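> First, the structure itself, so that you have it in front of you.
The values are calculated or read from the model by the stated rules, or taken from the named source; none is laboratory data. Computed from a predicted structure; not experimentally measured. With ideal geometry, Cβ positions are generated from the backbone for all residues, glycine too; neighbour counts draw on all protein chains shown. Surface accessibility is based on the protein's heavy atoms, side chains included, excluding ligands, DNA and RNA. Shrake-Rupley method; radii C 1.70, N 1.55, O 1.52, S 1.80 Å.
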Amino acid sequence: MNYQRFFQEAIDQLHAERRYRVFADIERIVGSFPRAIWRSGAEAKEITVWCSNDYLGMGQHPDVIAAMQDAAGRMGSGAGGTRNISGTNHPLVELETELADLHGKEAGLVFTSGFVSNEAAISTIGRLLPNCLILSDELNHSSMIEGVRRSGAEKKVFRHNDVKHLESLLQQAGRERAKVIVFESVYSMDGDISPIAEIADLAQRYNAMTYIDEVHAVGMYGAHGGGITEREGLADRIDVIEGTLAKAFGTLGGYITGTKAIIDAVRSYAPGFIFTTALPPSIAAAATASIRHLKASCAEREAQQRQAARTKEILSGAGLPVMPSETHIVPVLVGDPELCKLASDRLLGVHGIYIQPINYPTVPRGTERLRITPTPFHSDGLIDGLKEALVETWTALGIPFTDTRRPGVEKTERIIPLVVPSAGG
Ligand SMILES: *Cc1c(COP(=O)(O)O)cnc(C)c1O
């Protein structure tokens with residue numbers, strides 16, 4: 001066995017399929033978000049980031065940074081061990097109380113990331129329930145799929161947001177069998193929302209448990225940032241609400257909330273919770289400050305919705321193929337992995353605009369796209385600049401516009417694309 005050659009060939013395979021990923025080297029600048037420094041070889045230049053999941057810019061909020069610095073100054077840098085061995089640092093106790101309150105649940109449990117929270121919670125719930133059947137939306141995030149797999153439970157995948165299909169699977173299983181429906185509220189690549197009320201109705205009718213991933217909604221929807229379940233008054237109809245502290249809340253970590261019994265069972269049985277060091281007090285304190293701020297303030301949510309709506313309107317108006325989205329996410333269709341990467345490279349190299357290309361397997365082949373996430377800090381001027389840059393890029397690379405009657409589009413000559421070797425992914 002030639003180990004080096006084996007791994008090199010695995011990488012070559014990705015290159016051949018045009019889905020080798022390169023991560024841009026980015027240094028964010030507090031106070032001028034979404035501006036950042038991009039480094040490529042010896043070059044360093046200022047760019048605008050249009051693909052951050054720091055959706056509300058809370059990662060640079062003065063209260064959040066102050067809470068982090070204060071906790072680190074008073075309690076040090078690390079947690080000092082797993083909670084099992086070293087106890088729970090106090091800021092984490094406060095954070096879990098805050099999260100339970102955010103979702104109107106009895107208890108909350110924090111993990112080192114949203115990925116770990118899904119993997120650990122779903123696998124533990126599915127493993128503890130006897131002869132459990134997990135019903136999983138076909139577009140669920142990788143962390144949920146991992147959780148289902150590791151539970152060892154039987155799994156049935158229902159077509160995306162298809163309640164008819166879900167109902168037929170529930171019917172087959174019958175009322176008596178243990179069943180968990182696992183789904184998301186906001187699907188982050190298309191920006192669509194699941195039919196939560198209908199799924200909750202089915203769960204009630206067929207006596208199933210419900211587990212929702214609100215990662216792309218917490219902080220951003222609902223009067224207090226409790227997500228789509230808060231906005232629609234459905235939080236009490238869902239058994240487990242999962243979220244992240246790393247996107248709209250701008251820090252790090254993941255969590256679940258639910259009844260005392262469910263949370264205590266996961267706390268007691270999940271290896272992904274028990275055998276890993278807890279989040280540091282500084283991060284827990286920063287997350288609590290961020291959640292508290294967004295519970296009281298709607299300004300960030302409203303500004304984000306306004307700028308996202310304006311971005312969709314301006315880009316669509318320019319004939320760019322904005323995919324339909326009900327949320328703050330603005331996907332623009334390219335439909336080809338190579339062109340998608342070239343478009344991203346050109347935006348960064350020529351226009352100083354960073355938008356990561358989204359290719360297979362994150363999205364289905366043929367639906368490769370640029371995924372744009374406007375924040376309250378993307379001003380009207382930045383949106384207009386984005387439109388100009390996208391139109392130039394679409395024209396230069398010959399990517400289809402929606403409106404082919406737009407003057408100049410067909411006549412534009414295809415120019416040789418500029419390739420920036422170390423950019424994009
Ligand atoms: C990002 C993401 C996660 C993982 O959250 P992290 O805190 O980044 O680990 C889970 N679910 C969905 C849908 C996500 O997009």
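> What pairs come out if I take residues in the range 27-52 that are at positive phi and pair them with residues that are surrounded by fewer than 21 Cβ atoms within 10 Å (Cβ to Cβ) whose C-beta lies under 9 Å away, six or more apart or interchain?
Short answer, once both residue conditions are applied: GLY31/GLN60; GLY41/PRO421; GLY41/SER422.
> Hey, another quick one. Can you name the number of the only condition in (1) open to solvent by 20 Å² or more (accessible area, probe 1.4 Å); (2) over 30 Å from ARG301 (Cα atoms); (3) within 16 Å of the ligand (Cβ to nearest atom) that ASP264 fails?
So ASP264 meets the others, but not (3).
A quick yes/no check of all residues on (1) surrounded by 24 or more Cβ atoms within 10 Å (Cβ to Cβ); (2) of a type in the set (Phe, Trp, Tyr); (3) out of contact with any Lys or Arg (no Cβ under 7 Å at 6 or more places or on another chain); (4) at pLDDT 95 or above:
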site: ASP236; (1), (2), (3), (4): no, no, yes, yes
site: THR244; (1), (2), (3), (4): yes, no, yes, yes
site: ALA248; (1), (2), (3), (4): yes, no, yes, yes
site: TYR255; (1), (2), (3), (4): yes, yes, yes, yes
site: PHE273; (1), (2), (3), (4): yes, yes, no, yes
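> Going through PHE23, PHE115 one at a time, which residue ends up being open to solvent by 70 Å² or more (accessible area, probe 1.4 Å), under 27 Å from GLN307 (Cβ atoms), aromatic (Phe, Trp, Tyr) and within 16 Å of the ligand (Cβ to nearest atom)?
PHE23
> So GLY147 clears everything in (1) open to solvent by 10 Å² or more (accessible area, probe 1.4 Å); (2) within 16 Å of the ligand (Cβ to nearest atom) except one condition, right? Which one?
Unmet condition: (1).
> Do we have THR82 as away from the ligand (no atom under 16 Å from the Cβ), at pLDDT 95 or above, of a type in the set (Val, Ile, Thr) and open to solvent by less than 40 Å² (accessible area, probe 1.4 Å) here?
The answer is yes for THR82.
> Output the residues belonging to the range 206-255 that are within 12 Å of the ligand (Cβ to nearest atom) and of a type in the set (A, V, I, L, M).
Once the filter is applied, which keeps residues that are within 12 Å of the ligand (Cβ to nearest atom) and of a type in the set (A, V, I, L, M), the range 206-255 yields ILE212, VAL215, ALA217, VAL218, LEU245, ALA246, ALA248, LEU252.
> Hey, another quick one. Considering each residue of the range 193-205, count those that are within 27 Å of ALA246 (Cβ to Cβ) and either within 12 Å of the ligand (Cβ to nearest atom) or surrounded by fewer than 20 Cβ atoms within 10 Å (Cβ to Cβ) (or both), and give that number.
Selection size over the range 193-205: 2.
> Next question, about the same structure. Please indicate, with yes or no, whether at least one residue in the range 172-194 is touching a residue at least 60 places away in the same chain (Cβ under 8 Å) and at positive phi.
Scanning the range 172-194, I find at least one residue that is touching a residue at least 60 places away in the same chain (Cβ under 8 Å) and at positive phi, so the answer is yes.
> For the subset of the range 33-66 comprising residues that are open to solvent by less than 10 Å² (accessible area, probe 1.4 Å) and aliphatic (A, V, I, L, M), which member is farthest from the ligand (Cβ to nearest atom)?
It comes out as ILE47.
> Before we move on, is ALA299 crowded, with 24+ Cβ neighbours inside 10 Å and farther than 23 Å from SER188 by Cβ?
Judged against the criteria, ALA299 is not a match.
> Still on this structure, I have one more. Pairs under 7 Å by beta carbon, first residue assigned to a helix (DSSP H, G or I) in the range 102-127, partner within 11 Å of the ligand (Cβ to nearest atom) and among the hydroxyl-bearing types (Ser, Thr, Tyr), six or more apart or different chains?
Going by the 7 Å Cβ cut-off, the qualifying pairs are GLY114/SER143; GLY114/THR244; PHE115/SER143; SER117/TYR255; ASN118/SER143; GLU119/SER143.
> Also, quick follow-up: If you check ARG371, ARG346, ARG365, which single one turns out to be at pLDDT 95 or above, over 19 Å from the mean Cα position of the chain (by Cα) and of a type in the set (Lys, Arg)?
ARG346
> Also, I was wondering about something else. Exactly one condition in (1) open to solvent by 40 Å² or more (accessible area, probe 1.4 Å); (2) in a loop (DSSP other than H, G, I, E, B); (3) of a type in the set (A, V, I, L, M) is not met by VAL350; state its number.
VAL350 satisfies all of (1) open to solvent by 40 Å² or more (accessible area, probe 1.4 Å); (2) in a loop (DSSP other than H, G, I, E, B); (3) of a type in the set (A, V, I, L, M) except (2).
> When you scan the range 99-118, do you find a residue that is of a type in the set (S, T, N, Q) and over 28 Å from ASN207 (Cβ atoms), even just one?
yes
> If I ask for residues that are small (Gly, Ala, Ser) and part of a loop (DSSP other than H, G, I, E, B), which ones from the range 214-243 would you list?
Residues satisfying the conditions are ALA217, GLY219, GLY222, ALA223, GLY225, GLY226, GLY227, GLY233.
> Just name the residue that is nearest to VAL330 (Cα to Cα) out of those in the range 34-60 that are more than 19 Å from the chain's Cα centre (by Cα) and part of a loop (DSSP other than H, G, I, E, B).
Ranking the qualifying residues of the range 34-60, first place goes to GLY41.
> I'd like to check something: does the range 272-286 contain any residue that is within 16 Å of the ligand (Cβ to nearest atom), of a type outside the set (Phe, Trp, Tyr) and closer than 17 Å to ASP213 by Cβ?
yes
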